[in-house]
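The block underneath contains the structure these notes are about, expressed in structure tokens.
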Amino acid sequence: MAALCPRSGRRERQLNIDLDGRRALIRGATGALTTAIRDALAQDGATIAETISPPAGAEEPFVLVLISEGANGLPERDACHPSERADFARTIRQFASAKRVVIVFSAAGLVPIKGFAEFSAEQAGLASLTRTLAMELGPTTVVNGVAVGAYEADGAVRTERFLTHTGVQRAATLDEILAAVLFLADPDNGYMTGHTLAVDGGWAIG
């Protein structure tokens with residue numbers, strides 16, 4: 001199960017899990033958050049696969065992480081990308097034998113951002129996709145989401161707009177987001193599905 005102390009020889013983080021002998025596949029947006037998730041899974045023992053074919057049988061477990069462009073911040077103009085939602089659905093169905101699926105998207109999918117109607121609707125679609133595929137793919141696969149708000153990366157705050165009415169009143173660290181992703185990817189966490197963890201400092205409270 002998840003451990004709160006760092007594993008020997010690995011970078012100190014708030015949360016560590018045991019992924020030894022398991023493979024992880026990451027798809028979607030690139031950037032600091034994607035790199036941090038990739039590194040965390042590898043440091044916890046997973047083999048990161050760049051290209052991978054669906055395993056021949058359900059006995060071969062691995063973690064599939066999908067990262068939305070929305071997790072990197074607001075677009076320059078209000079626009080949605082319907083292909084992202086469809087691509088994620090196809091990818092998850094292709095790897096339906098994965099034991100853990102984690103979809104990372106913007107907290108605007110839980111509570112919309114004024115002036116970003118299309119973007120907020122697209123992110124809400126990913127929240128709905130998380131719930132729908134959890135029903136379709138069980139019991140073999142559990143599908144959960146992480147909705148991120150403002151966070152610090154590369155010396156800047158991503159989506160500073162989320163700080164306007166958050167209870168914590170600061171941006172998250174990457175490690176705080178990683179803690180949620182790893183919790184959902186944990187091999188011992190097999191009874192939680194269709195749920196989205198809001199790592200947003202309180203944005204979704206409204």
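Ranking request for peptides 68-74, 187-193: highest mean number of other beta-carbon atoms within 10 Å first, then the rest in descending order.
Working: 68-74: 22.7, 187-193: 13.6.
Sorting 68-74, 187-193 by mean packing, highest first, produces 68-74, 187-193.
Add +1 for every Lys or Arg and -1 for every Asp or Glu among the other residues with Cβ under 10 Å from the Cβ of residue 100, and state the total. Before the final figure, lay out the partial values.
Numbers: positive: 22, 99; negative: 186.
Summing Lys and Arg as +1 and Asp and Glu as -1 gives +1.
Please give the peptides 129-142, 31-44, 154-167 ranked by average Cβ packing (other Cβ atoms within 10 Å per residue), highest first, as a rough proxy for protection.
Values: 129-142: 16.8, 31-44: 19.3, 154-167: 15.1.
Final packing ranking: 31-44, 129-142, 154-167.
State whether the chain is rounded, prolate or oblate according to the following rule on the C-alpha gyration tensor (a ≥ b ≥ c being the square roots of its eigenvalues): a/c under 1.5 gives rounded; otherwise a/b larger than b/c gives prolate, and the remaining case gives oblate.
Details: a/c = 1.81, a/b = 1.26, b/c = 1.43.
Judged from the Cα gyration tensor, the chain comes out oblate (a/c at least 1.5, b/c at or above a/b).
Can you list residues whose amide H is under 5 Å from residue 63's amide H, if they're 5+ apart or on another chain and H is modeled 1.01 Å from N?
Counting only residues 5 or more places away or on other chains, the set is 23, 24, 25.
Counting each DSSP H run of 4 or more residues in the chain as -39500 (n - 2.57), what helix-only mean residue ellipticity at 222 nm follows after dividing by all residues, to the nearest 500 deg cm²/dmol?
Numbers: 4 runs with 58 residues, N = 206.
That comes out to -9000 deg cm²/dmol.
Please list 3J(HN,Hα) in residue order for the range 141-153, calculated via the Karplus relation 6.51 cos²θ - 1.76 cosθ + 1.60 where θ = phi - 60°; whole Hz, with x for glycine and proline.
Once rounded to whole Hz, the list reads 10, 9, 10, 9, x, 10, 9, 9, x, 6, 8, 8, 7.
Please report, as a whole percent, how much of the solvent-accessible surface of the chain comes from carbon and sulfur atoms (probe radius 1.4 Å). Write out the running numbers ahead of the final one.
Details: 4870 of 9420 Å².
Carbon with sulfur: 52 percent of the solvent-accessible area.
Would you list the membrane-span-like helices of the chain, meaning whole DSSP H runs whose alpha-carbon atoms span at least 27 Å along their axis and whose mean Kyte-Doolittle value is at least 0.0?
Numbers: long enough: 117-137 (29 Å, 0.33).
Helices meeting the criterion: 117-137.
The values are calculated or read from the model by the stated rules, or taken from the named source; none is laboratory data. Here the structure is a predicted model, which means the values were calculated and not measured. Because the Cβ atoms are built from the backbone with ideal geometry, glycine has one as well, and the counts that use them run over all protein chains shown. These area figures cover heavy atoms from the full protein model, side chains too; ligands, DNA and RNA do not enter into them. Shrake-Rupley method; radii C 1.70, N 1.55, O 1.52, S 1.80 Å.
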